[in-house]
Each structure stands twice: as C-alpha cells, then as structure tokens.
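The values are calculated or read from the model by the stated rules, or taken from the named source; none is laboratory data. Computed from a predicted structure; not experimentally measured. Cβ: placed from backbone, ideal geometry, glycine included. Neighbour counts: every protein chain shown.
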Amino acid sequence: MNKTIVMFDMDGTLTEPRQPFDYALLGDSLYQLVNCGVHIGIITGSDEDYLREQMGEFLLKSSARYKTHLMPCNGTKYFRPPKFANEDFRLNTYVSMKKALGVDNYRKLIEELILSQVHMSSYGIPLTGHFINCRGSLINWCPIGRNADDEERALFKTLDKAEGVREKVIDELKAMLEQKGLLRKLTIKFGGDTSFDIYPKGWDKTYGLRHFQGWDVWFVGDRCGVGGNDYELYEACLGQSYISSGPEHTHEIIECIITHLRGKNE
C-alpha cells in the first residue's frame, strides 16, 4: 500500500497571513490526522525562517512532528522530519535559482526589480523596508516591504483591491522582463496579500511532489484559482485537493479527510 501525505499551504490555510499557528484550533486535528497513519507536509512560498517562526509551537510540541515534512520555497527546499526528541528537521534538498538562470540573467532580474520598486512610489502605497527577499531558490518581492506592520498591510490590501495595483505592476514587470529575454524562463505569482513570488519555470508547488513519488498525495490551500500560488498543486491533486478560506475552514477540511481515511481503512 502506498504511503499517504496531506500537504498544506501555510499562510491563509494553516495560519492567518504572517501570523502564528493557532495550536488550540489545529494542533489536535493535525495529530489526529497523523494518527490515521498519514504524513503531513507544509509547503509554502515562504522561506524556512518564516515557516519555523509561524509554525514553531507545532514543530516543537506536537508528536506529529515526527511525520511532518517541511517544504519552504515551494518545496525547492525540503526538510525531513526528526526521528528523536532532541533532533531537528534535516535539510535534504536545495536548488539554486541563480545557478538555474545563470549569474548574468539573475543579476538582470534583480536590476529590474529594483527599478520596479522605485516606480512603486507613484502608486502612493506605504513603503517600509526589506523589499526584495532572495531565498536561494525563489525571490519574493514585496513592494510595501516585509517590515510593514498590520495597519500598513491592511492599507495596501485596500488599495490593491480598489485599484488593482498588483495586477498593473505584474503586467509592467512582465513587459520589462520580456524585453530582457527573461520572461520565458520565469514564473511570477502573487505571494500572499502584498507580494510577488518569482522563480524559474516549473518551480511552482508541484515541485514538492518530486519528494513523494509513488505516494498518495492530498492538498489543502487557499489560493487555488488560476494565477494563485496553489493553483498547480491543487490541479495536480484534483479529487484529493481542497480550497480553504482560512484556519477555521482548514479544521473542518481535516475532519473531512480523517473521516474519509478512516472509512477507507475499515
């Protein structure tokens, strides 16, 4: 019998965007899921530091940690679960975006992002700091800056919803990258509510499936529509994939998966 893994997006699915995991809400549900004999995967566009920061209580406290697989940067980084209480998650896979694109093309991309960031001031959005986050296998560009507080994030979300700021910016960025001959090499997606994820073609969240060939894979995410950063993995797992509206809805989805798995095993 094939092993089974249920993969979860993090922001907007297991947690509220950029907020800590609610252990009281989902800790026991994830434990019960593992009790059904399956593994858990957390696959996110965020890097390892954000994943550990937001999911820290679960990764440290829950006995489910021994069957939890961490896949930051769309799974282009893969951490195996620990075997013992004093053991940490172990890095197993890592790929380099700079190596995949070539140093010159990577530099051109960074230059275009810097120019685009300067242009963003014309939209009247909040500007803080830490605009471009190079994560090795993925670049996250946040026009308001990842240092933005909740009020600044909310203001940007309101402007974006009313004026389609990110839609305009992504079109402008794609046009610039097309002129440089880079667009055909890259994928650009909305990352959460305030940023963009940029990575080589094929390095979307289906990359995580490479670590579990031959497994029975389920997926739960929130941005599963066309253009969303969960879309490709949602489609790849169609029939065993769910769209969540947030952690409370994820709790209900987990209960549904548990019921299905228990029925299947009886």
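Here is how the numbers come out for the structure above:
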{"quantity": "Evaluation of R90 against (1) on the phi > 0 side of the Ramachandran plot; (2) of a type outside the set (S, T, N, Q); (3) within 20 Å of the chain's Cα centre (by Cα) (one fails), failing number", "calculated": "(1)"}
{"quantity": "Subset of the stretch 74-107 (residues that are farther than 22 Å from D11 by Cα, part of a helix (DSSP H, G or I) and in contact with a strand residue (DSSP E or B) (Cβ under 7 Å, 6 or more places away or on another chain))", "calculated": "M97, A100, L101"}
{"quantity": "Checking K189 against (1) at pLDDT below 95; (2) under 25 Å from I253 (Cα atoms), the condition it does not meet", "calculated": "(2)"}
{"quantity": "Search result, residues across the stretch 196-215 that are surrounded by fewer than 22 Cβ atoms within 10 Å (Cβ to Cβ) and over 19 Å from V226 (Cβ atoms)", "calculated": "P200, L209, R210, H211, F212, Q213, G214, W215"}
{"quantity": "Number of the exception - T187 against (1) within 23 Å of R135 (Cα to Cα); (2) out of contact with any Phe, Trp or Tyr (no Cβ under 8 Å at 6 or more places or on another chain); (3) without any contact (Cβ under 8 Å) to a residue 40 or more places away in the chain", "calculated": "(2)"}
{"quantity": "Count - residues of the stretch 245-266 that are in contact (Cβ under 8 Å) with a residue 40 or more places away in the chain and either among the basic types (K, R) or in contact with a Lys or Arg (Cβ under 6 Å, 6 or more places away or on another chain) (or both)", "calculated": "1"}
{"quantity": "Matching entry among K67, K77 (being surrounded by fewer than 22 Cβ atoms within 10 Å (Cβ to Cβ), touching a residue at least 12 places away in the same chain (Cβ under 8 Å) and closer than 24 Å to S241 by Cα)", "calculated": "K67"}
{"quantity": "The stretch 190-205, subset in contact with a helix residue (DSSP H, G or I) (Cβ under 7 Å, 6 or more places away or on another chain) and free of Cβ contacts under 8 Å to residues at least 60 places away in the same chain, residue nearest to L115 (Cα to Cα)", "calculated": "F196"}
{"quantity": "Test: residue in the stretch 197-213 that is under 20 Å from K157 (Cβ atoms) and either in contact with an Asp or Glu (Cβ under 6 Å, 6 or more places away or on another chain) or not hydroxyl-bearing (S, T, Y) (or both)", "calculated": "yes"}
{"quantity": "Filtered residues of the stretch 217-244 (kept if within 21 Å of I139 (Cα to Cα), touching a residue at least 24 places away in the same chain (Cβ under 8 Å) and assigned to a loop (DSSP other than H, G, I, E, B))", "calculated": "D222, R223, G227, G228, N229, D230"}
{"quantity": "Residue in the stretch 92-104 that is farthest from I170 (Cα to Cα), counting only those that are surrounded by fewer than 17 Cβ atoms within 10 Å (Cβ to Cβ) and either in contact with a Leu (Cβ under 9 Å, 6 or more places away or on another chain) or among the hydroxyl-bearing types (S, T, Y) (or both)", "calculated": "T93"}
{"quantity": "Unique residue being surrounded by 12 or more Cβ atoms within 10 Å (Cβ to Cβ) and assigned to a helix (DSSP H, G or I) when the list is I110, I125", "calculated": "I110"}
{"quantity": "Test: residue in the stretch 131-152 that is out of contact with any helix residue (DSSP H, G or I) (no Cβ under 8 Å at 6 or more places or on another chain) and of a type in the set (K, R)", "calculated": "yes"}
